[in-house]
Structure formats: C-alpha cells, structure tokens
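Encoded as structure tokens, the structure appears first; notes follow it.
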Amino acid sequence: MHSIYIHIPFCSSICSYCDFCKFFYESNWVTKYLDSLNEEIKNRYNDEIIETLYIGGGTPSCLDNKSLKKLMDICKIFNLNEKYEFTFECNINDLTEEKLHILKSSGVNRLSIGIESFDKKKLKFMERTCDYDDVLEKINLCRNFDFNNINVDLMYAIPGENMRILKQDLKKILSLDVEHISTYSLIIEEHTKIHNKHVETIREELDTKMYKYIVKTLKANGYDHYEVSNFCKPNKYSRHNMNCWKNKEYFGFGCGASGYIGNVRYTNTLSITSYLKNKIKYKEELLSLKDVMDNEIMLGLRLASGINLQEFFDKYEVNLQEVYNIKPLLKNKELIYKDGNIFINPKYIYVMNEILIKII
C-alpha cells in the first residue's frame, strides 16, 4: 500500500463544470460525515506505512476550524513514512491564518489551490470568484507558514476564451512563482450545470493551440512538463499522483472515493445518506492480469518519461512488446524508445487517447 485519498464532498458553492461527488456545506451533515469517515478508516486501515496522503473534494478548506481540526485528528491514525507527502486541496477564499496553522501543525506539507482563472468572463462561466491581489496575498500568507510546495490549477478552453485571455491568465499564474501548476482543458461531463445547459466546447484546433502555448511557455519558465496536464519546478512533482500514474495501490476513503487494492478497483457510494448509514461500497471491479497491465499502459503513458520496460517485466514477468503490438507505433514515431523506456512522442501527447486505443 502506497497512498491514501480522502474525499471531503462539501462545497460552499458548486462550480458549473464539476462532476465530482459534492454537496452544499451544512454543518450538521459535516459532523455526521466526519464520524462516518472515521469509522470507515478504522475498519479498513491496518497500520500500513503510507508514502502520500491526499485530501481532496469537493472543497476540504470550506470546513470550519472545529471540523478541520476533527478531520486532522482523524488523520493521526495513519502511519506516514519519514519522507511523506501530505496534500490538502483548498480554495483561495477559505485560507486564513487559523486554518493554515491547523494544517501546518497537523503535518500538511503541500497545498493544492484551485484558482482556474483570473478572467471575469471565464470565472462567471465557471461560477467561481478569484481576485489576483487576494491570491497573491494568500500565497504570501502560505509562505509565512513555511508552505514551500504549492500547486495551483489553471483551466482553459472555456467557451468564449481566446489566446489573449489565456496569455493573461498564464502570465499571472507564473508571477505567483509556485512549485507546481496543473492545467485542465474544459471537458463537459454529464450531471454538470453546463451539460444541462447544452454548452458546446471550443474548436479542437484552438484547444490544441492553447495547449501547445501552455507547454511552450511553462517550459521556457523553468517548469518540467512531466505529465500530460502537469508541470513542476525541479523535483516538485506530485508524488501522490505519480503513485497513481505508476499504477500503485491506494486506499480511497469517503463518499465517492475510489481505491485500488490487490487486483480490485472500487468506488464508494455517491449517496451521502447511504454513506452515513455505513453503506459504503458502491462498485467493485475484479481485475484480470491483462486488465492490470492495460491500466499500467494507460496510466504510465501519461508520463513524459513513459514506462520502463525492465520495471514492467519485473512487475508482471512478461515483456511488454510481446503482449502489446507497439512495433508499428515505434516505427511511425508515435511512440519513442529511449534508455529502456517507451513514451509517447511529445508531438502527439495531446492526442494520446488515439495512441492508447491502438495499443490496448
């Protein structure tokens, strides 16, 4: 076991594009939810040594100070190794000295802050608020509490967005001088507000142009493009997400959380009423060896470094090229082999799904 993900589904407002398990904040429900979460963890966690702990949502930072302390107390049960990474997701508006003190004193050493954009029209579309001066002030406040590993999210390809807006957003994001930047092209998922309004995505050509500009600009400013959507300063990659992309096992605790243990992938119930009644499991999938290897391919090829062939053999006792027909893809340069690794040609990384279909 390598990692733990904890889902806190509460939000003070619901973003128009969000399809995660989420509910409007209600203090009575929060108290009951944390009690159920505590029970789930005690029943399923067996003192395994953990490398990374990630609390996401929803919006975990919307918890009041009392509930946040309770959540941090619940997390004391985990046996974290000496070089652990403990990430906490937050909205910039929620960050206060009191909350940052609670997080820092509880061992949180990485913050992931949902900014998404500074453009008023984009923010209105996403039903979010974000002010640059406030963000800069709050980032500095985080630095005062010795948080030296901060991620911020940037969303692009919003209907009505153009290259000028993207460049302004990216310029402001870079001025924050954070260690990690996650970028997401808008995907319109079912059960979201924008899906119900029949919103259409922007032209694929513009989406691709935006992506290439982001990659070029962040690389030029010292960020390593280590995964399709993620960029970091040297050695500041997300260790938690890296464990997932390396197809390593992890617990998922909380309403709507997913986990991967042994050869089973599971998802917890999306119903908070069921969760509060300890009816936790929603779906389990028993994986065959081929299923597990397929996941290894799909996740591993998201990384710029790709998949190490020797590690694949050590893990599954088969040669990857004997199971998957990758020679044609190597021949036409969609895949590249170098130093024992195969990876997707950077020219084709934005259409990686087409390449994965050919492999799987």
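Working only within region 76-117, note down all residues that are among the β-branched types (Val, Ile, Thr) and in contact with an Asp or Glu (Cβ under 9 Å, 6 or more places away or on another chain).
Scanning region 76-117 gives Ile77, Ile92, Ile113, Ile115.
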Residue selected from region 117-131 under the condition in a loop (DSSP other than H, G, I, E, B) and of a type in the set (A, V, I, L, M, F, W, C), by the criterion nearest to Ile173 (Cα to Cα): Phe118
Checking Leu103 against (1) more than 23 Å from Glu249 (Cα to Cα); (2) surrounded by 20 or more Cβ atoms within 10 Å (Cβ to Cβ); (3) touching a Cys at 6+ places or on another chain (Cβ under 8 Å), the condition it does not meet: (3)
Every residue from region 67-85 that is under 13 Å from Ser106 (Cβ atoms) and in a strand (DSSP E or B): Leu80, Tyr84
Residue identified as surrounded by fewer than 20 Cβ atoms within 10 Å (Cβ to Cβ), within 21 Å of the chain's Cα centre (by Cα), at pLDDT below 95 and under 25 Å from Gly57 (Cβ atoms) among Leu270, Leu276, Leu299: Leu270
Selection count where residues are assigned to a helix (DSSP H, G or I) and over 30 Å from Lys167 (Cβ atoms), scope region 86-116: 9
Region 216-254: number of residues that are polar (S, T, N, Q), more than 18 Å from Val152 (Cβ to Cβ) and not in a loop (DSSP other than H, G, I, E, B): 1
Residues (touching a residue at least 12 places away in the same chain (Cβ under 8 Å) and of a type in the set (Lys, Arg)) located in region 252-289: Arg265, Lys281, Lys283
Matching residues, region 132-166, being more than 30 Å from Thr201 (Cα to Cα) and either outside the structural domain of Tyr213 (by TED's automatic domain parsing) or among the basic types (Lys, Arg) (or both): Lys138, Arg143
Which numbered condition Tyr223 misses (of (1) out of contact with any Cys (no Cβ under 7 Å at 6 or more places or on another chain); (2) at pLDDT 95 or above): (1)
Members of region 58-94 found to be crowded, with 17+ Cβ neighbours inside 10 Å and either touching a Lys or Arg at 6+ places or on another chain (Cβ under 7 Å) or not assigned by TED's automatic domain parsing to the domain that holds Leu111 (or both), listed by number: Gly58, Ser61, Leu68, Glu85, Phe86, Thr87, Ile92
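Mind listing just one residue for me: the one in region 138-162 that is surrounded by fewer than 18 Cβ atoms within 10 Å (Cβ to Cβ) and more than 15 Å from Lys120 (Cα to Cα) and, of those, farthest from the chain's Cα centre (by Cα)? Reasoning before the result, please.
We begin by selecting, within region 138-162, every residue surrounded by fewer than 18 Cβ atoms within 10 Å (Cβ to Cβ); these are 140-141, 143-146, 148, 159-160, 162.
Of the ones still in play, those that are also more than 15 Å from Lys120 (Cα to Cα) are 140-141, 143-146, 148.
Details: Asn140: 23, Leu141: 23, Arg143: 22, Asn144: 25, Phe145: 23, Asp146: 23, Asn148: 19 Å.
The qualifying residue farthest from the chain's Cα centre (by Cα) is Asn144.
The values are calculated or read from the model by the stated rules, or taken from the named source; none is laboratory data. Remember, it's a predicted structure, so these values are computed and weren't measured experimentally. Using ideal geometry, Cβ is built from the backbone for each residue, glycine included, and neighbour counts are taken over all protein chains shown.
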